[in-house]
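What follows is a short report on a single structure.
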Amino acid sequence: MPFRSFTARLIRSVFLSDQTRHLEFEMQGVPRFDFVAGQWLSFQHRHSDGQEITRAYSIASPPAEGNGFALCLNRVANGFMSNFLCELREGEELSCQGPFGDFILRPPVRDMVFIATGTGIAPFRSMLHWLFGEESRHQGQQFWLVFGSRSETDIYYHQEFLGLAAGHANFHYLPTLSRGSTEWTGRRGYVQDHIAGTLAGRTDLEAYVCGLDKMIKANRDLLESLGWEPKAIRYEKYD
Ligand SMILES: Cc1cc2nc3c(=O)[nH]c(=O)nc-3n(C[C@H](O)[C@H](O)[C@H](O)COP(=O)(O)OP(=O)(O)OC[C@H]3O[C@@H](n4cnc5c(N)ncnc54)[C@H](O)[C@@H]3O)c2cc1C
């Protein structure tokens, strides 16, 4: 799909946690904005020193009719673009280009495990809503989402994923907390602590991993040590 330059207008900005926001935009002047689940956009904004800064953000919503899309964005301490976007007010506009990226589902759809930490959930929210948006896209396959967060308040889109799992026996949602409170009865530790047990010796799936470099490396190393082919492990690095 060829990339284009757009003006995006912020329609809605909601807190997912105290440092993280879900932002909904509309592309201005176009009836449709087409992309493939898992792709990202490049946003531009000029720094006060005159320098044009660009940063990549995964699209967190599934492809849909119309010109809307969403982002899931974390404030990085002293970060330029993440703070600018988190402070953007509804109705304000900014420039972006896209869609870019080949971190997309490879046909034919097979059983898959999605592994994310933090805002690395963004492309998987897009993919999962796309997959479960139509029965023909997911029937006969199994999907696992292993989602790592620090504490209960950082499990972005938790109710949404619980709802998706309640409605689909082939979607297995496994949130895991590295610093969960004493009340947390779910999984604890890092995402990679739960992969071997979840896969139960299987090496015939596809893995999609998204987040920071350290987490991606830990999961790639683990999957390869379990006998996975490197080409069955796809990843998107945020840093
Ligand atoms: C393909 C792609 C998709 C991405 N999608 C998303 C997304 O959906 N949501 C999202 O929140 N981010 C996403 N990112 C990360 C994003 O592009 C920025 O790197 C991030 O928002 C920081 O930018 P900044 O301008 O605020 O910080 P900068 O001014 O660039 O950096 C400030 C400081 O923070 C450090 N830093 C940079 N990036 C990170 C980071 N991600 N985490 C922790 N520390 C960091 C830097 O080393 C620096 O010291 C994506 C990155 C890529 C490459």
Can you find a residue that is in contact with a Leu (Cβ under 8 Å, 6 or more places away or on another chain), farther than 24 Å from Arg106 by Cα and surrounded by fewer than 20 Cβ atoms within 10 Å (Cβ to Cβ) anywhere in region 131-150? yes
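Restricting the search to region 198-239, which residues are of a type in the set (Gly, Ala, Ser) and either modelled with pLDDT of 95 or more or in contact with a strand residue (DSSP E or B) (Cβ under 9 Å, 6 or more places away or on another chain) (or both)? Break it down into steps so the answer makes sense when it comes.
Of region 198-239, the ones of a type in the set (Gly, Ala, Ser) are 200-201, 207, 211, 218, 225, 227, 232.
Ala207, Gly211, Ala218, Ser225, Gly227, Ala232 - these are the residues of region 198-239 that are of a type in the set (Gly, Ala, Ser) and either modelled with pLDDT of 95 or more or in contact with a strand residue (DSSP E or B) (Cβ under 9 Å, 6 or more places away or on another chain) (or both).
Report yes if some residue within region 85-98 is of a type in the set (A, V, I, L, M, F, W, C) and either surrounded by fewer than 16 Cβ atoms within 10 Å (Cβ to Cβ) or away from the ligand (no atom under 15 Å from the Cβ) (or both); otherwise report no. Full working, then the answer.
If we filter region 85-98 for residues that are of a type in the set (A, V, I, L, M, F, W, C), which is where we start, we get 85-86, 88, 94, 96.
Okay, now just the ones that are also either surrounded by fewer than 16 Cβ atoms within 10 Å (Cβ to Cβ) or away from the ligand (no atom under 15 Å from the Cβ) (or both), so none.
Within region 85-98, not a single residue is of a type in the set (A, V, I, L, M, F, W, C) and either surrounded by fewer than 16 Cβ atoms within 10 Å (Cβ to Cβ) or away from the ligand (no atom under 15 Å from the Cβ) (or both).
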Pick from region 46-69, criterion surrounded by 18 or more Cβ atoms within 10 Å (Cβ to Cβ) and outside any strand (DSSP E or B), ranking: nearest to the ligand (Cβ to nearest atom): Ala60
Which condition number in (1) within 25 Å of Trp228 (Cα to Cα); (2) surrounded by 12 or more Cβ atoms within 10 Å (Cβ to Cβ) is the one that Thr153 fails? (1)
Kindly indicate whether any position in region 189-197 is closer than 16 Å to Ile121 by Cβ, assigned to a helix (DSSP H, G or I), in the same structural domain as Arg150 (by TED's automatic domain parsing) and touching a Gly at 6+ places or on another chain (Cβ under 7 Å). yes
Could you list, in sequence order, all residues of region 199-239 that are surrounded by fewer than 16 Cβ atoms within 10 Å (Cβ to Cβ) and closer than 19 Å to Ser149 by Cα? Leu212, Asp213, Lys214, Lys217, Lys237, Asp239
Which numbered condition Gly38 misses (of (1) in contact with a Gly (Cβ under 8 Å, 6 or more places away or on another chain); (2) over 21 Å from Pro99 (Cβ atoms)): (2)
Quick check, is Gly186 exposed (fewer than 13 other Cβ atoms within 10 Å of the Cβ), within 22 Å of Asp111 (Cα to Cα) and without any contact (Cβ under 8 Å) to a residue 24 or more places away in the chain? no
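Filter region 70-84 for residues that are within 8 Å of the ligand (Cβ to nearest atom) and either surrounded by 15 or more Cβ atoms within 10 Å (Cβ to Cβ) or assigned to a helix (DSSP H, G or I) (or both) and give the result.
Our first condition is that a residue be within 8 Å of the ligand (Cβ to nearest atom); within region 70-84, this holds for 71-84.
Across region 70-84, the qualifying residues are Leu71, Cys72, Leu73, Asn74, Arg75, Val76, Phe80, Met81, Ser82, Asn83, Phe84.
The values are calculated or read from the model by the stated rules, or taken from the named source; none is laboratory data. Computed from a predicted model, the values in this text were never measured in an experiment. Here Cβ is always computed from backbone atoms with ideal geometry, including for glycine, and neighbour counts include all displayed protein chains.
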